[in-house]
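So the structure is just underneath, and the comments pick up after that.
Each value in this text was obtained by applying a stated rule to the coordinates, not by laboratory testing. Computed from a predicted model, the values in this text were never measured in an experiment. Don't worry about glycine lacking a Cβ; one is built from the backbone with ideal geometry, like all the others, and counts go over all protein chains shown.
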Amino acid sequence: MAELVDAHDSKSCTARCEGSIPSFGTILFIHTMLKKTVSTFLALVFLSDITGAYATSPADALEIDLSPSNMPSQSIPPGKKGAKILSLNIGARCDGDRTVEQMILAYESPGQSREFPIIYASVNGRVVTNKSVIDVQDLTVVLNFKTPLHIQACRIVQVDILGDFPLSAAHGSRHSLMLALPSDVVSDATSLIGRFPFRSNVFTVRADIFDRYSCYRNAQILTTSALRRQARAACRRK
């Protein structure tokens, strides 16, 4: 038995020495190196996928994303004021402060409603833009900041896009907003990084039953005579 083992070892040694059969240690080393190489490659692919353009973006870029507090789809009553339609997080890199001067949003109404809400933006509960009406031709709304929105280096600012819905909003009408392109944000940054477009969820005007007295009472507190006339006409249709 000892002679057979010695002969087998002798043949194995001869084959390995001649290069036809790698040693067990060599095979294990190659296997380990291949595993490390594949693991490194997959990790790089994964990081490339989740970071996208962030890794190569300029230092003075702004980064934008949907806020975790972005509202889900929901129903709202006619005449709802300050409905939070879309929430965005805008962040500055750590290289310096940035400012935003203007945002252009696209209005989408799956029901083709033409009773538009008035749109504006707020930060920490404070209105920071003009209140704008939606352009009936191209269905966009331009929000100009009263003073440029200041974003400190390494900080993120949440911008809430709000809507005031008219009392005459049709029951069942559906409304949503979209920030479509980086060029729709005017700022001092050289580029805007994010997974565009950013869409809000859909807000549906529900068929609330108002008694005529409360409807007229709400109409009377509106600021202009034109809005009051519009609201009173809506009350008569209820």
Note on region 156-210: residues part of a loop (DSSP other than H, G, I, E, B), of a type in the set (Gly, Ala, Ser), under 22 Å from Ala121 (Cβ atoms) and in contact with a Ser or Thr (Cβ under 8 Å, 6 or more places away or on another chain) are Ala169, Ser191, Ser200
Expected single match for under 17 Å from the mean Cα position of the chain (by Cα) and buried (at least 18 other Cβ atoms within 10 Å of the Cβ) among Ala106, Ala189 is Ala106
